[in-house]
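Here's the structure we're looking at; comments come further down.
The values are calculated or read from the model by the stated rules, or taken from the named source; none is laboratory data. Quantities reported herein were computed from a predicted structural model and do not represent experimental measurements. Positions of Cβ are backbone-derived with ideal geometry, glycine not excepted, and every protein chain shown enters the neighbour counts.
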Amino acid sequence: MTEPLRPHIAIASSRIIDVAALAGGGYAVLTDAGIELFDASLARRGTIAGERAGAVLVPVPGERFLVHGTMRSWLYEGAVGGALVKVDLPEGMVASVAVTETGFLAITTKHVLVDHAGTRTYMTPSGCLDFGGTPWRGGAAIAGYEGLAILGADGTIVARSAGEQPWKRPVALADAIAVPAYDDVMVLDGAARVIARIPRKVSADALVPFRGGVLVTVHDDDARETEVSYWELAGAAATGGAEAIGAPAPRWSVTRAGILQPPVVAGDRVVLASYDTGAWILDGEGRELAELLTTKLVQDVAAFGGGIALAERDAPDALWWRPGAELARLPHDVSPSLLRAVPAGLASAEGNILYVWRPDVQGPEVAPLEPDLPMHTPIVIAGTPLQIVGAGRFALRALTRDGHALRVKPGTPWRPLTTRDEAARLVERLVQRTFDGPLPAVPGDVMIYELAAKLGQVPLSETVDLHGRALFAAASLDPEVRVRSAWARGSFFDELGAALGTSGRALLAAVKARKRKLEPPRPVPGYEYLGTFTTSGQLTVSDPCYVGKKAPAGTAFALSLKVDGHAGVWHVFLRPGAGNERDRTAELVTIHDDGFDVFAAEAIGLIGVDSGTAGVFDKQCPRRDGDTPLEEGTFAAQGAIASAGHGDGMYPVFAGHRSGRVAKIRLCFLGGDAEVDRSVARSTAAAKPYRASARFAVGDTIEHVKFGTGSVIRAGTDGKIDVRFADATRTLVHARK
């Protein structure tokens with residue numbers, strides 16, 4: 001067996017965020033404390049001080065460096081020996097940066113900042129900055145509602161499109177520019193003339209440059225599959241010039257089930273990865289070279305050593321695939337946070353450790369740590385229940401209850417997890433509202449996250465009075481103590497829940513109702529029950545920051561949806577995510593007292609989320625204070641709120657009616673099949689025997705000879721039904737003649 005590859009190692013002063021290879025050899029490393037420079041042998045050769053200013057590091061001519069965010073953000077710059085300073089921009093935020101021979105172009109929403117060896121001017125190409133831009137041919141291509149413009153290195157407009165309306169950010173190809181329009185993709189030449197259109201409706205991240213053309217990704221929500229196709233620009237490879245290229249032609253396409261991430265180009269290969277598990281490696285002709293059965297989400301990819309390296313979320317090793325070779329592993333202590341192809345081979349990072357992997361030269365042997373914390377035993381560190389499961393070169397590997405990997409330094413303070421008996425006693429005190437003990441110190445001079453970690457490390461028996469009084473006797477606490485302690489409440493109840501075998505949010509909801517456990521009127525398998533709220537029937541479904549607000553004129557989506565629902569008591573259920581997303585909320589369901597048999601499968605609209613939360617609120621429900629921590633479940637006894645899956649974005653809303661009014665609302669955040677209502681309570685109706693020739697409707701209970709009793713949750717026009725059985729949801733045929 002071949003000896004595992006060992007990395008060359010450099011230790012930065014703080015957590016590594018990004019890595020860039022330098023033209024003259026060596027590496028620039030962006031950390032939480034600024035930028036650190038290492039030569040090709042990984043010896044330190046300089047620093048640029050400054051707190052974290054973004055996630056993207058960009059070297060520019062003159063030994064200077066820029067830092068900006070992955071979305072619109074401020075721009076910072078620095079030089080060796082100096083400090084990172086914020087670039088003065090008159091208006092707008094930076095959408096992208098294009099490096100030129102002497103400086104850079106910083107593209108904002110209002111201007112283009114032109115840097116020439118440190119001398120700066122501003123250009124204002126009107127109508128072409130709404131969507132940002134991309135580097136192209138030593139300058140940049142920018143796009144806005146009034147067209148696309150090509151800029152030279154000095155910021156002057158070299159060419160501008162006429163009568164074409166882009167819809168998203170442009171993408172630079174080898175010899176042309178692609179930009180999504182409303183219904184298709186425009187391809188423009190170096191004179192900003194539209195030379196062709198690709199008949200695909202996509203967003204900007206669905207276009208990826210490859211060879212002499214572009215990879216185009218299209219998701220088919222109805223078929224629940226993703227197509228990736230390669231469109232080659234005719235003549236581009238032969239002429240090497242944008243002026244002689246022809247229309248793009250489709251060369252190949254592949255289709256995979258589910259929703260795929262944007263394809264990643266690694267040399268002359270393409271990597272397709274699911275948003276769940278699994279990845280495929282294709283050659284330049286679209287032929288499958290390998291399928292990798294990953295167990296976690298693939299979060300980074302880079303070309304390496306004649307093959308491809310992949311990093312899985314929470315996995316301790318990066319995978320190294322090479323044609324004709326056994327799949328190899330590149331071992332890390334906990335989990336690599338990034339992979340970058342560099343001239344020497346591959347750079348990866350975790351924590352403050354930079355690894356450089358060279359296929360031609362082994363790195364030094366480093367013995368693993370001797371663990372000084374309990375192994376494979378539930379403990380608490382900084383308020384997080386976890387177990388130490390392994391020891392690496394520089395850190396211990398820990399796993400949380402949700403399976404997320406954490407990096408733990410040797411000597412980190414810890415305490416035992418609260419026992420089940422102790423947790424039960426503390427819950428009883430909360431239920432009985434008995435808070436007569438001393439309070440822990442709540443320092444006012446530390447950051448909120450530090451405070452939460454400090455309080456989370458204190459035994460729960462010493463913080464129960466603080467949290468109990470903050471919840472149920474707020475007037476007895478100093479206002480600042482009450483507000484600051486709220487940020488540690490989540491970890492307090494999460495640990496109690498871990499000891500008692502439930503979730504922290506379900507336990508908090510029960511305690512608020514003076515119960516040890518909440519029981520719904522009817523059980524809904526797979527969902528957590530979080531209590532009730534009362535409404536007049538006039539409901540709003542929205543991000544809480546948009547309650548009572550109207551969308552600006554021209555907005556393409558609703559900020560909120562008005563719903564005419566039944567008055568009275570509504571019940572709140574949350575469905576946790578599964579697999580890699582089990583720590584997220586997949587769905588919020590609110591059900592009226594009379595709505596437990598109702599199927600909410602009617603799509604009533606999409607809502608936009610900008611605060612990472614969404615909910616259902618009565619017309620008179622007060623506004624949520626966005627400066628307080630989120631507590632999922634009922635809100636102010638007049639609504640319900642939840643964390644919105646992956647955060648900001650667009651989410652579908654479904655409703656079900658009874659007697660002419662809405663009796664159930666579903667807000668779907670994660671997973672496919674959003675139109676399928678899984679939240680219908682178990683039916684007590686007599687089960688119908690299943691036969692392929694029988695016709696079934698949503699809500700029917702069937703008896704299957706193999707799978708047992710199940711409920712029909714979808715009846716399609718394709719002769720198929722989805723049936724929820726005790727162990728899984730299955731698709732069966734029906735009405736077959």
For Val541, the lone unmet condition from (1) among the β-branched types (Val, Ile, Thr); (2) touching a Leu at 6+ places or on another chain (Cβ under 7 Å); (3) in a helix (DSSP H, G or I) is (3)
Looking at region 243-313, what strands (runs of 3 or more DSSP E) fall wholly within it and have at least 3 residues that are touching a residue at least 40 places away in the same chain (Cβ under 8 Å)? 264-266
For the structure I just gave you, tell me whether Leu630 is surrounded by 14 or more Cβ atoms within 10 Å (Cβ to Cβ) and either outside any strand (DSSP E or B) or at pLDDT below 85 (or both). yes
Considering only residues that are surrounded by fewer than 18 Cβ atoms within 10 Å (Cβ to Cβ) and farther than 17 Å from Ser335 by Cβ, which ones fall in region 291-304? Glu291, Leu293
Restricting to region 403-421, what's the tally of residues that are buried (at least 16 other Cβ atoms within 10 Å of the Cβ) and within 26 Å of Arg584 (Cβ to Cβ)? 7
Test: Ile641 is within 25 Å of the chain's Cα centre (by Cα), within 20 Å of Asp597 (Cβ to Cβ) and at pLDDT 95 or above: no
What single numbered condition from (1) within 27 Å of the chain's Cα centre (by Cα); (2) surrounded by fewer than 14 Cβ atoms within 10 Å (Cβ to Cβ); (3) not assigned by TED's automatic domain parsing to the domain that holds Arg666 fails to hold for Gly504? (2)
Is it fair to say Asp220 is surrounded by fewer than 20 Cβ atoms within 10 Å (Cβ to Cβ) and without any contact (Cβ under 8 Å) to a residue 12 or more places away in the chain? yes
Checked Arg6, Arg52 against criteria (in contact with a strand residue (DSSP E or B) (Cβ under 9 Å, 6 or more places away or on another chain) and at pLDDT below 95); the one match is Arg52
So Glu519 ticks every box in (1) acidic (Asp, Glu); (2) under 23 Å from Gly595 (Cβ atoms); (3) assigned by TED's automatic domain parsing to the domain that holds Ile604 but one. Which box is left unticked? (3)
When restricted to Gly490, Gly456, Gly437, the only residue of a type in the set (Gly, Ala, Ser) and part of a loop (DSSP other than H, G, I, E, B) is Gly437
What's the number of the only condition in (1) surrounded by fewer than 22 Cβ atoms within 10 Å (Cβ to Cβ); (2) in contact with a Gly (Cβ under 9 Å, 6 or more places away or on another chain) that Ser161 fails to meet? (1)
I need a count of the residues in region 403-434 that are assigned to a helix (DSSP H, G or I), closer than 18 Å to Gly383 by Cβ and touching an Asp or Glu at 6+ places or on another chain (Cβ under 9 Å). 1
Cross-chain or 6+ apart pairs with Cβ under 6 Å, region 167-183 first and among the acidic types (Asp, Glu), then in a loop (DSSP other than H, G, I, E, B): Asp175/Ile245; Asp183/Lys201
Here the residues within region 569-598 that are surrounded by fewer than 22 Cβ atoms within 10 Å (Cβ to Cβ) and assigned to a loop (DSSP other than H, G, I, E, B) are Gly577, Ala578, Arg582, Asp583, Arg584, Asp593, Asp594, Phe596, Asp597, Val598
Considering only region 697-718, state which residues are closer than 18 Å to Ala601 by Cβ and assigned to a loop (DSSP other than H, G, I, E, B). Ala697, Val698, Gly699, Asp700, Gly716, Thr717, Asp718
Just checking, how many residues over region 595-610 are more than 14 Å from Val541 (Cα to Cα), small (Gly, Ala, Ser) and at pLDDT 90 or above? 2
Among the residues in region 673-696, are any assigned to a loop (DSSP other than H, G, I, E, B) and in contact with a helix residue (DSSP H, G or I) (Cβ under 9 Å, 6 or more places away or on another chain)? no
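Of the residues Ala453, Ala475, which single one is in contact (Cβ under 8 Å) with a residue 24 or more places away in the chain and either more than 30 Å from Leu297 (Cα to Cα) or outside the structural domain of Asp583 (by TED's automatic domain parsing) (or both)?
Only one candidate passes the filter, namely Ala453.
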Conditions (1) surrounded by fewer than 19 Cβ atoms within 10 Å (Cβ to Cβ); (2) in contact with a helix residue (DSSP H, G or I) (Cβ under 8 Å, 6 or more places away or on another chain); number of the one not met by Leu426: (1)
Number of the condition not met by Val194 [criteria: (1) under 22 Å from Gly286 (Cβ atoms); (2) β-branched (Val, Ile, Thr); (3) at pLDDT 90 or above]: (1)
Among strands (runs of 3 or more DSSP E) entirely inside region 18-80, those with 1 or more residues being buried (at least 16 other Cβ atoms within 10 Å of the Cβ) and more than 30 Å from the chain's Cα centre (by Cα) are 34-38, 44-49, 64-68, 76-79
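Could you list, in sequence order, the residues of region 154-164 that are farther than 11 Å from Val194 by Cα, part of a loop (DSSP other than H, G, I, E, B) and without any contact (Cβ under 8 Å) to a residue 40 or more places away in the chain?
Selection gives Thr156 alone.
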Please verify whether region 115-122 includes one or more residues that are acidic (Asp, Glu) and more than 23 Å from Met186 (Cα to Cα). yes
Hey, any hits in region 678-701 for a residue that's of a type in the set (Asp, Glu) and surrounded by fewer than 16 Cβ atoms within 10 Å (Cβ to Cβ)? no
